[in-house]
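Before any comments, here is the structure.
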Amino acid sequence: MARHSKLQKQVLALYRQFLRAGRDKPGFLPRIRDEFRENANIKKTDVMHIEYLYRRAQRQLEQLKDVNTKQLGTFTKGK
């Protein structure tokens with residue numbers, strides 16, 4: 001079995017925290033899974049991008065844990 005780097009372990013732990021936090025809020029789990037799956041194909045060597053996404057996800061997790069959070073917004077590119 002391959003060993004995970006420190007950053008990989010941090011990302012996996014963050015994913016588990018998201019799943020726990022989203023469990024009590026309807027509609028959040030599919031969005032969480034989709035977001036992590038979408039970013040799973042980022043090259044392991046692109047550490048700067050991964051760290052950026054990790055920090056952004058930490059902020060989003062704090063928002064998700066807030067009892068007043070009912071939904072998460074997204075930014076999408078216009079056509």
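The values are calculated or read from the model by the stated rules, or taken from the named source; none is laboratory data. All values derive from a computational prediction rather than experimental measurement. With ideal geometry, Cβ positions are generated from the backbone for all residues, glycine too; neighbour counts draw on all protein chains shown. Surface areas here come from the heavy atoms of the whole protein model, side chains and all, with no ligands, DNA or RNA. Shrake-Rupley method; radii C 1.70, N 1.55, O 1.52, S 1.80 Å.
Could you tell me which numbered condition Leu64 fails, if it satisfies all but one of (1) modelled with pLDDT of 90 or more; (2) outside any loop (DSSP other than H, G, I, E, B)?
(1)
Residues are listed down the side, and each one gets a yes or a no for (1) closer than 27 Å to Asn68 by Cβ; (2) outside any helix (DSSP H, G or I); (3) open to solvent by less than 60 Å² (accessible area, probe 1.4 Å):
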residue: Arg3; (1), (2), (3): no, yes, no
residue: Gln8; (1), (2), (3): no, no, yes
residue: Arg20; (1), (2), (3): yes, no, no
residue: Asp24; (1), (2), (3): yes, yes, no
residue: Arg37; (1), (2), (3): no, no, no
residue: Thr45; (1), (2), (3): no, yes, no
residue: Ile50; (1), (2), (3): no, no, yes
residue: Arg55; (1), (2), (3): yes, no, no
